[in-house]
Amino acid sequence: MYPPSLIEETVVRLLRDAECRLPPDVHAALRQALKVETQELARSQLMAVLSNVDRAAERSAPMCQDTGLPVFFVRGRCDHRLIESIRKGLARATEEIPLRPNTVDPVSRENFGSNLGGQMPPVHFEPAEQEHLDIVVLPKGAGSENWSALGMLNPSEGMEGVRRFVIDCVVRAGSRPCPPVIVGVGVGGTADMACALAKKALLRRLGSRSGDAALAGLESRLLSEINSLGLGPMGLGGSTTCLGVLMEKAHCHTASLPVAVSLNCWASRKAFARVYPDGRVRFSQEGFD
């Protein structure tokens, strides 16, 4: 349905936007954190982050040396050519932007230099009866991805168990995911679905709330509790450890309560594209209403 060259070009643009420009909602949250932060060391870290973000945008250069592994989410009616077009776009972006080649064979650790390889990049498909095609990219660096966690809780633990699990994950990660972090949480589904939901949650706008009232309340509570930990920017102390907690859910087995956590560092990178059948493409870093 969509010309492969159009998808390829769209993917290159998406990756350039995501890697070189911080999304407006994240940028605004960092500026707000600087306004309310009182500890001088924390303020200096936030100022350094914001300066880095501005320079990256001015130079159209990646804002972090770890350009991550890009995770794609695709919604719409897809055909078999789409995945190959995404792969070609990623290979081009790796050379043209450029991106650090991060993908290696897990056994031999061999790196082919293109960010491609077995099962790479991950692409999550969501079939939908709509005329347009939505493509989203979420680059995930290892500093934050390495602190992902999955818990298969006893259903009797309920939302209080979910709350404890999320707090424990942030405490265990400490300074290593480069806070202030954004915390994506997936609740329910199967083990693999919970992990995908946690990443999908990171695509939401900061400040938005879950459509589920219980989860919306837990998002607010967790944000307050995480910021009360005092880890602060880069783990050097302060009142801004977390910029947002975003939760998604799916129904699960009656005997299960899966919960997954996916952390993003302050460089919470994301970019959205909406491709229309007539060849028009809309780009955004905050999604589409």
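Rule-based calculations on the coordinates, nothing more; no lab input. Computed from a predicted structure; not experimentally measured. So basically every Cβ, Gly included, is an ideal-geometry build from the backbone, and we count neighbours across all protein chains shown.
Note on K200: aspartates and glutamates with a C-alpha under 12 Å away, same-chain residues under 8 apart excluded, are E126, E248. For the chain, the membrane-span-like helices by this rule, meaning whole DSSP H stretches whose C-alpha atoms cover at least 20 Å of axis and whose Kyte-Doolittle mean is -0.5 or above, are 4-20, 40-59, 82-96, 158-173, 213-227; this says nothing about an actual membrane.
Electrostatic tally near W147: other residues with Cβ closer than 10 Å to its Cβ, Lys and Arg +1, Asp and Glu -1, net +1.
Estimated at 0.36 nm per residue, the fully extended path between M152 and K35 surpasses their Cα-Cα distance by 38.2 nm. Measuring r between the beta carbons of Q119 and N52 and using R0 = 30 Å, the FRET efficiency lands at 0.40. For region 92-149, trypsin sites (Lys or Arg not before Pro) meeting the loop criterion (DSSP other than H, G, I, E, B) and having at most 14 other Cβ atoms within 10 Å: R109.
Report, for the chain, the % of DSSP beta bridges that are antiparallel, rounded to 5. Looking only at bridges with both residues in the chain, the antiparallel portion is about 70 percent. Of all DSSP bridge pairs formed entirely within region 143-264, close to 60 percent run antiparallel. Charges were assigned to the Cβ only: +1 to each Lys and Arg, -1 to each Asp and Glu. The resulting dipole of region 166-214 about its Cα centre is roughly 220 debye. Taking a point 7 angstrom from the Cα of Q130 along the C-beta vector, which residues in region 183-202 have backbone N less than 13 Å away? Taking a point 7 Å out along Cα→Cβ of Q130, no residue of region 183-202 has its backbone N under 13 Å. What residue among Q130, Q45, Q119 has the largest mean-square fluctuation in a Gaussian network model of the chain, using Cα springs under 10 Å? Top of the fluctuation ranking is Q119. Of the residues H80, H124, the one with the fewest other Cβ atoms within 10 Å heads the list, and the complete ranking is H80, H124.
For region 75-137, averaging the sequence separation of C-alpha pairs within contact (under 8 Å, six or more residues apart) and dividing by the residue count gives a relative contact order of 47 percent. Remark: the chain carries a charge dipole of roughly 380 debye about the Cα centre, counting +1 on each Lys and Arg Cβ and -1 on each Asp and Glu Cβ. Checking every one of the chymotrypsin sites (Phe, Trp or Tyr not before Pro) in region 73-170 against DSSP loop status and a limit of 13 other Cβ atoms within 10 Å picks out F112. In this calculation the C-beta distance from A216 to S175 is compared with R0 = 25 Å, giving a FRET efficiency of 0.30.
Only Cα pairs under 8 Å and 6+ residues apart enter the sum, and on that basis the relative contact order of region 238-289 stands at 22 percent. Annotation: cysteines of the chain without a disulfide-compatible partner (Cβ-Cβ under 4.7 angstrom) are C20, C64, C78, C169, C195, C242, C252. Once the C-beta distance of S284 and S256 is scaled by a Förster radius of 35 Å, the resulting FRET efficiency is 0.50 to the nearest 0.05.
How do S51, S85 rank when sorted from fewest to most other Cβ atoms within 10 Å of their own Cβ?
S51, S85
Within the set (1) 53, 44, 40; (2) 80, 66, 34; (3) 50, 49, 44, the number that Cα extents along the principal axes in Å takes when calculated for this structure is listed as (3).
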